[in-house]
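One structure is given here, and the rest of the page talks about it.
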Amino acid sequence: MIYVDNSKKCDFNIVFILKEEDNLPSHISSIFRGEYLESIPVISGKDIPVLYVGLGEEVKFTITRIKEAVAFGIKQLKKYKITSASLDISMFLDKCGAECISEIVLGIKLGLYEFKGYSTSKSSGECHVYLQGYSGDEVKLTHEVNHGINLAQGVILARDLVNTPANMLTPHIMAEKIRELLKEVNVQVEVYDEKYIMDTGMEAFHTVGRSSGNPPRLIVMRYLNDPLSGEITALVGKGVTCDTGGYCLKSSNSMAGIKGDMGGGAAVAGAVYALAKNNIKANVVGIIPACENRIANDSYIPGDVIGSMSGKTIEILNTDAEGRLILADAVTYAIKKENASKIIDIATLTGSVVNALGFSTAGLLTNNDKFFCDFKNAYKKSGELYWRLPINDEYRNMIKSTIADVKNMGKSHCGTITAALFIESFVEDRPWIHLDIAGTAWVEPPLYEYQSPGATGAGVTSMYYLFAEKQERKISL
Ligand code: BES
Ligand code: ZN
Ligand code: ZN
């Protein structure tokens, strides 16, 4: 729980210190330099114990550093088994004003995050954090805190879905969970079954999904909260609840992360939740093609040619390149049935992106500089890292098939680009951004203090800020 309460007397206090700070008592400054993520607990006489957390040099200070330093401080509470503490936010308010509130709240909520899991032994209890050191309007501050909590809940929703094992999150269960989670917000959730998927011509999606006894679902979340704008943005997230590779079976080593192959879909659900909960003015339709990629006697195999909702034919070269197949039909569905004017797709799509960019940075490809610019502003605000990769005809030629319109993989090189360009061939020239989060959706071990081992909720905050940033409330606190 997070409270806004200057007067609450706590047993423990967390204070953040820049490296340049010269007001610390000498017995502390002699052993604590304020380096980034350095900390020291100080217990002196009858005073409340204080945990000093270093923020590093002022020139390197960013709002992402606020999020990480807060998460770091909060994690120390757990270490000391402290369940209630005050957090002195005066220094953040001085430096960044109201903008820092959501970062502080994300730092607290994500720093405390643990997947509940299925262990029968008891998990740790709740932690109470009191924000202190503000001088402005308490009501406005509380309002900002609630906004931050809603965004953090969106990230947590995505993390929980991704951390859930595949046997407990079939496409049907995923759909019902999302329906349940979005019940409290102004979002129309519709779930379509395998018959609808087949009847509307989504042959590429259906071909992947039919390989399992757990049939596919198309999950659609309509959040239409800007009636005067004709613009509708589709957020299309890959929802492969388990990816065995199909007949191109993965090796047992690379099967460890197969339950996390719906990270894109989970991010879409989390972003839609946060947008709606914070009543952001936008028209957004979240679309998740959810299915399993398994083996059955009628599964698709390499060499097959299949159709798609767009009418294009696809030659299958590898059944493990299933994500682009289901996304292709979901993108066509977004255009034809939901009138999407812009499209973002997000997916744990390629191993190549991990080879190229590791676990901190996701791959991004787009056909539109203006849309990219808007999204770049959003991800700068969220602190997530993306790297734009090039598009040209050399790469487009790599996925041309001799017996169909397109094939589902190129040769062994530039796999992230060819996967994206496969999807590009279905966007019908709409402004489009493709996010490959195969590296960033899952971290073991974590890279940042606001992560925990496993799902990260990658993409939620950047997609949220794409719409929320424009309406940033400039308030003074
Ligand atoms: N879901 C995987 C991609 C992936 C790899 C996600 C590692 C997370 C971590 C995707 O469906 C896949 O298997 N892609 C293949 C494509 C290839 C066969 C063209 C890959 O990247 O190896
Ligand atoms: Zn695969
Ligand atoms: Zn996959």
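The values are calculated or read from the model by the stated rules, or taken from the named source; none is laboratory data. The model shown is predicted, which means the values in this text are computed figures rather than measured ones. Virtual Cβ from ideal backbone geometry, glycine too; neighbours counted across all protein chains shown. We work out accessible area using only protein heavy atoms, side chains counted, and drop any ligands, DNA or RNA first. Shrake-Rupley method; radii C 1.70, N 1.55, O 1.52, S 1.80 Å.
Put a plus charge on the Cβ of each Lys and Arg, a minus charge on the Cβ of each Asp and Glu, and nothing anywhere else: the dipole of the chain about its Cα centre is then about 420 debye.
Keeping every protein chain present and rolling a 1.4 Å probe, give me the accessible area per residue for the chain in Å².
Computed with neighbouring chains in place, this is 42 Å² per residue.
How far is helix 263-277 tilted, in degrees, relative to the longest principal axis of the Cα atoms in the chain, given as a value from 0 to 90 rounded to the nearest 10? The angle comes out near 60 degrees. Ligands, DNA and RNA left out, the 1.4 Å accessible surface of the chain is 51% carbon and sulfur atoms. With contacts taken as Cα pairs under 8 Å and at least 6 residues apart, the chain reaches a relative contact order of 16 percent. Calculated FRET efficiency, S252 to E190, Cβ-Cβ distance, R0 = 30 Å: about 0.20 to the nearest 0.05. Taken over segment 198-270, the ratio of Cα radius of gyration to 2.2 N^0.38 Å equals 1.39.
Counting only protein heavy atoms and using a 1.4 Å probe, the accessible area of F359 comes to about 110 Å².
Using the Cβ of Y273 as centre and a radius below 15 Å, the other residues enclosed give a net charge of +4, where K and R count +1 and D and E count -1.
D for the chain, whole µm²/s, Stokes-Einstein with Kirkwood Rh over alpha-carbon pairs at 25 °C and 0.890 mPa s: what number? Roughly 106 µm²/s, to the nearest whole number. For segment 260-348, the list of trypsin sites (Lys or Arg not before Pro) that fall in a loop by DSSP and count at most 14 other C-beta atoms within 10 angstrom reads K281.
Estimated purely from DSSP H runs of n ≥ 4, each contributing -39500 (n - 2.57), the mean residue ellipticity at 222 nm for the chain is -10500 deg cm²/dmol once divided by its residues.
Computed from Cα positions, the angle between helix 63-79 and the longest principal axis of the chain comes to roughly 70 degrees. Each Cα pair under 8 Å and six or more residues apart adds its sequence gap; the mean of these over the residue count of segment 2-133 is a relative contact order of 33 percent. For every other residue with a beta carbon closer than 14 angstrom to the beta carbon of I82, add +1 if it is Lys or Arg and -1 if Asp or Glu, then tell me the sum. After counting each charged neighbour, the total is +2. Shown here are the Rg and Dmax of the Cα trace of segment 298-362, at 14.3, 39 Å.
Multiplying the residue separation of W387 and N297 by 0.36 nm and subtracting their alpha-carbon distance yields 28.4 nm. With N the number of residues in segment 2-133, Rg(Cα) / (2.2 N^0.38 Å) evaluates to 1.06.
Charged neighbours of F12, selected by a Cβ distance under 15 Å, balance to +3 (K, R count +1; D, E count -1).
Straight-distance candidates among the lysines for linking to K281, with alpha-carbon spacing under 21 Å and chain neighbours fewer than 8 residues away dropped: K140, K183, K342, K370, K376, K380, K381, K470, K474. With both residues required to sit in the chain, DSSP beta bridges show an antiparallel share near 40%.
Here the Kirkwood formula, the inverse mean of 1/r across different C-alpha pairs, assigns segment 136-272 a hydrodynamic radius of 16.7 Å. Of the trypsin sites (Lys or Arg not before Pro) found in segment 56-150, those in coil by DSSP whose Cβ has at most 11 other Cβ atoms within 10 Å are K81, K116, K122. When the trypsin sites (Lys or Arg not before Pro) in segment 204-244 are filtered for DSSP coil states and for at most 12 other beta-carbon atoms within 10 Å of their beta-carbon, no site remains. Taking only Cα atoms, what is the 0 to 90° angle, nearest 10, from helix 415-424's long axis to the longest principal axis of the chain? With rounding to tens, the tilt is 70 degrees.
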